[in-house]
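Please treat every number below as a calculation from the coordinates, not as lab data. The structure displayed is predicted, hence computed values, not measured ones. Note that each Cβ is placed from the backbone with ideal geometry, even for glycine, and that neighbours are counted across all protein chains shown.
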Amino acid sequence: MDKQTIIENLQKWNFWNQAINTGVKRVQYLEKLEKLLNIPEVIALIGVRRSGKSILCYQLLEKLINIDKVPRQNTLFINFEDPFWGEIVSLTTLTDIYQAYLENKAPKGKVYLFLDEVQKVEKWEKFVLSLYDSHQQVKVFVTGSSSSLLENNISTLLSGRYLIKKIFPLNFSEFLDFKNTNLNKITNNAFIFNLLHEYLQYGGFPRVVLEKDKTIKNYLLQEYYNSIIEKDIIFKNNIKNKIEVKNLALYIMSNIGSLFSTYATAKQLDISHQNINNYLNFFEEAFLISRISKFDYSVKKQIYNPDKIFVVDTGLSQIAGFSFSENVGHYLENLVFQYYSQKGKRLYYWKNGTEIDFVIKEGIKSKKIINVCYSLNEKTGEREITSFEKAKKIFTKIEKELIYWEKSEKFKNISGIKLRRIIDLLLKK
């Protein structure tokens, strides 16, 4: 591949001779990332496909050029999802790309290098390590759609030289920003809850949120789901039995927030127990799902009890699973999981005849227990109170919170239990 051809392809991805639309600013991430621009460590942005990692890189580049007055030729963005580079990119190709850039643009001073979807480059970490250890004036950002980006060689070769920032689909506050909704000007609660219902059903992938046509929203979600399954799970892990993977994924998408027994599922889907475990690990590596364990002071009991599985975005579950309306309570629980996990909380569930949806731990202590209920009335309230009462024997002197979507006027506050509307939780900074 000659150097001129390389530069011609890079032109369309870079700010060198053009302005690039960087979309709605994700301020919550940008403020944190901007503080990392002047430290030497490599910054790794990881997260599920289409969560907005690339656009965040562009927003940082735009800030560098327009506000910090960094020369345009001192920035380089390489998109390894571009078919031009091929399905798998060699270390030699990456080196050639960077050398072509240096010769063509002749940057003076610090270079800001962004390697997008870098897991497609073989031994990319050796290239980054050489830049870092030679003390060149290069600030490196890498993005990836697989948590294994940070395992094996990178953990060894780049140990102590990188920082991780996980990027999620939009939270509800960001969703409202993308909808250009000013909460201070809204007095009608029904309007906000209609938006929350849309968020619950279609999720928080930025492109999906901006799309107004529901048919296209579903089409985009189907494409995202298929890409995650085909590219980030089946192709990446060289899986031969595609049907098993797709059947298991469909089963999980249809049962989010439910207890998941690997042994029972193996029998039900006629998949070996070992394959079930392998596929679950691959799903987690692609950020499609997260698992939480049962809370127990015995680590052995935690391991041998079923997990609860949640999905990275409820839109994916809606498009791949069954009956959004019938499973809305589980979708609501998934939103609560997303909220607390994005805050970096350690989450568990607890079950002993009754169930506590979430146990939040800080250090070695349990901080809070939480139950989630769509419609809070006398009947459902009695069930939730019973759960909290039984949990008191295990969780003493602990904060109790009951999160709900709607509440009957007849239902009165419960002593010792904090009642919170889902909308109030999701809008809490």
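Near the amide H of Arg346, within less than 5 Å, lie the amide hydrogens of Lys361, all on another chain or at least 5 residues away, with H placed in the peptide plane. Students often get this wrong, so check it: of Lys35/Lys139; Lys165/Lys301; Lys12/Lys105; Lys25/Lys217; Lys308/Lys361, which have C-alpha atoms separated by over 23 Å? Among Lys35/Lys139; Lys165/Lys301; Lys12/Lys105; Lys25/Lys217; Lys308/Lys361, the Cα-Cα distance tops 23 Å for Lys165/Lys301. Diffusion coefficient (Stokes-Einstein, Kirkwood radius over C-alpha pairs, 37 °C, 0.692 mPa s) for the chain: 139 µm²/s, rounded to a whole number. Beta-bridge orientation, the chain: approximately 35 percent antiparallel, per DSSP, counting only bridges with both partners inside.
A quarter of the convex hull surface defined by the alpha-carbon atoms of the range 271-392 gives 9.0 nm² as the mean projection. Based on Cα atoms of the range 275-326, Rg over Rh with Rh as the Kirkwood radius reads 1.06. In the range 124-216, inverting the average of 1/r over every pair of distinct C-alpha atoms gives 16.8 Å as the Kirkwood radius. Summarising the amide proton neighbourhood of Leu419: residues at separation of 5 or more, or on other chains, whose placed amide H is nearer than 5 Å comprise Leu402. Given their separation in residues at 0.36 nm each and the Cα-Cα distance between them, Ser375 and Asn352 gain 6.0 nm when the chain is fully extended. What the Cβ-Cβ distance of Gln268 and Asn241 gives, at R0 = 22 Å and to the nearest 0.05, is a FRET efficiency of 0.85.
Applying 0.36 nm per residue to the separation of Glu362 and Thr181 and subtracting their alpha-carbon distance, the gain on full extension is 61.7 nm. Backbone phi angles across the range 421-426, fed through the Karplus curve with coefficients 6.51, -1.76 and 1.60 (θ = phi - 60°), yield HN-Hα couplings of 5, 4, 5, 6, 5, 5 Hz in residue order; Gly and Pro are listed as x. If R0 is 56 Å, the Cβ-Cβ spacing of Arg291 and Glu8 corresponds to a FRET efficiency of close to 0.80. The string of couplings for the range 70-86 from the Karplus curve (6.51, -1.76, 1.60, θ = phi - 60°) is 6, x, 4, 6, 8, 10, 9, 10, 10, 9, 7, 7, 5, x, 4, 7, x Hz, one whole number per residue in order, with x for Gly and Pro. Taking the Cα centre of the range 63-137 as reference, the dipole from Cβ charges on Lys and Arg (+1) and Asp and Glu (-1) amounts to some 500 debye. Ellipticity at 222 nm from helices only: DSSP H runs of n ≥ 4 in the chain, each -39500 (n - 2.57), divided by the residue count, give -12500 deg cm²/dmol. As a size descriptor, the averaged projected area of the C-alpha convex hull of the range 14-79 was calculated at 4.9 nm². Only the Cβ atoms of Lys and Arg (+1) and of Asp and Glu (-1) were treated as charged; on that basis the dipole of the chain about its Cα centre amounts to roughly 1500 debye.
Couplings 3J(HN,Hα) for the range 116-121, derived from phi with the Karplus relation 6.51 cos²θ - 1.76 cosθ + 1.60 (θ = phi - 60°), are 8, 6, 5, 5, 7, 9 Hz, where x marks Gly and Pro. With 0.36 nm allotted per residue and the present C-alpha distance subtracted, the Phe193-Glu81 stretch has 36.6 nm of extension available. Each of Gly86, Asn413, Phe15 was scored by the projection of its Cα onto the charge dipole of the chain, and the greatest displacement toward the positive side belongs to Asn413; charges sit on the C-beta of Lys, Arg, Asp and Glu.
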